[in-house]
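Below is one structure, written out as structure tokens; the observations come after it.
We did not get these values from a lab; they are worked out from the coordinates using the rules stated. Remember, predicted model here, so these are calculated numbers, not experimental data. Counting neighbours? That spans all protein chains shown, and the Cβs are built from the backbone with ideal geometry, glycine included.
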Amino acid sequence: MKKINYLLLAAFVSTAFISVTPAQNMSSASAGIPKVLEIQREFLKPGKSGMVHEKMESAFVQAMSRAKSPTHYIAMTSLSGKNRALFLTSYPSLEAWEKDSAEVAKNAALSAALDRANEADGAILESTDTGVFVMNEELSMNPKADLGAMRFMEISMYHIKAGHTKEWKDAVKLVKDAYQKSMPDAHWGMFEQRFGGEGGTYLLLRSHKTLAEIDGRWANDKKYQEALGDDGGKKLSELAAASIESSQHQLFAFSGTMSYVQDEWIKAYPDFWKPAGGAAPKAKAEAKKEKP
């Protein structure tokens, strides 16, 4: 959790959303497929992206690192649309999110450091917001649990017409079936927004190591169309028209310097997941020991 979210999380836990809690305990962004996904958006003032924003974000990364927080987050910056950054934190349940917030609040040093970082960061922001999403396994396809090797993310947002969720789910299942026949290695995670936005909002997240992977999918579009067939294409058009009120598609790049990730990622990809402000304390210590 990048920034303290003083929400009445205990009240949320009593909702049906609690049913998404899995058997395992996930304390970091890559320990498994996220069941609860918190996305914080920061819309930047003109000229305040790049190194200016990275410098501000280093205060958050350093505060979390000093506190040895077990909760990690991934930062992404926009390659399309408005100039903004996203910060993704995953939890196994809302209860886990509540406990994480309580632990941060109990840590006076960490809370104070995050408050100072928030105040400084606010000077370069136009606005911020937070959304909470739940994983929909039925509408997902081969979702990736480990994003350590990923560098880009496609995010498609769909707003579904009230009362037409069934048509929407049927449309996604039709697309999923065609991909399974034509490109079985295709992958995406589907998340439904539960808090922080309009009802009926779904996010489709698809990660990539390189943008060439998107080129490859587009090049194989004919295979997908053949698998869908004329009848399937007609049915999909009807279902989409009946269920989708609006949609948008955006592209983001992961930011290694603004993310707070686990040591395993840093060790595996030290040239990319380098925390803002320099290498992680543990990495620095190990490097010092290795010097002759």
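The table for this structure:
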{"quantity": "Sum of side-chain charges, residue 220 neighbourhood, beta-carbon under 14 Å (Lys, Arg +1; Asp, Glu -1)", "calculated": "-1"}
{"quantity": "Debye, to nearest 20: dipole size of segment 29-80, +1 on Lys, Arg Cβ, -1 on Asp, Glu Cβ", "calculated": "80"}
{"quantity": "Protection-proxy order for peptides 43-55, 214-226, 62-74, each taking the mean of Cβ atoms within 10 Å per residue, highest first", "calculated": "62-74, 43-55, 214-226"}
{"quantity": "Spin-label model distance (nm) - residue 157 vs residue 219, 7 Å beyond Cα toward Cβ", "calculated": "3.2"}
{"quantity": "Sites residue 251 and residue 65, calculated FRET efficiency, Cβ-Cβ separation with R0 35 Å, nearest 0.05", "calculated": "0.75"}
{"quantity": "Above-threshold pairs, the threshold being 22 Å between Cα atoms, out of 35/181; 35/161; 176/234; 166/222; 35/234; 99/169", "calculated": "35/181; 35/161; 166/222; 35/234; 99/169"}
{"quantity": "Interchain or long-range residues, amide H under 5 Å from residue 35's placed H", "calculated": "91"}
{"quantity": "Descending principal axes extents, segment 137-249, alpha-carbon based, whole Å", "calculated": "38, 38, 21"}
{"quantity": "Eligible aspartates and glutamates near residue 267 by straight Cα distance, threshold 20 Å, same-chain separation 8 or greater", "calculated": "146, 286, 290"}
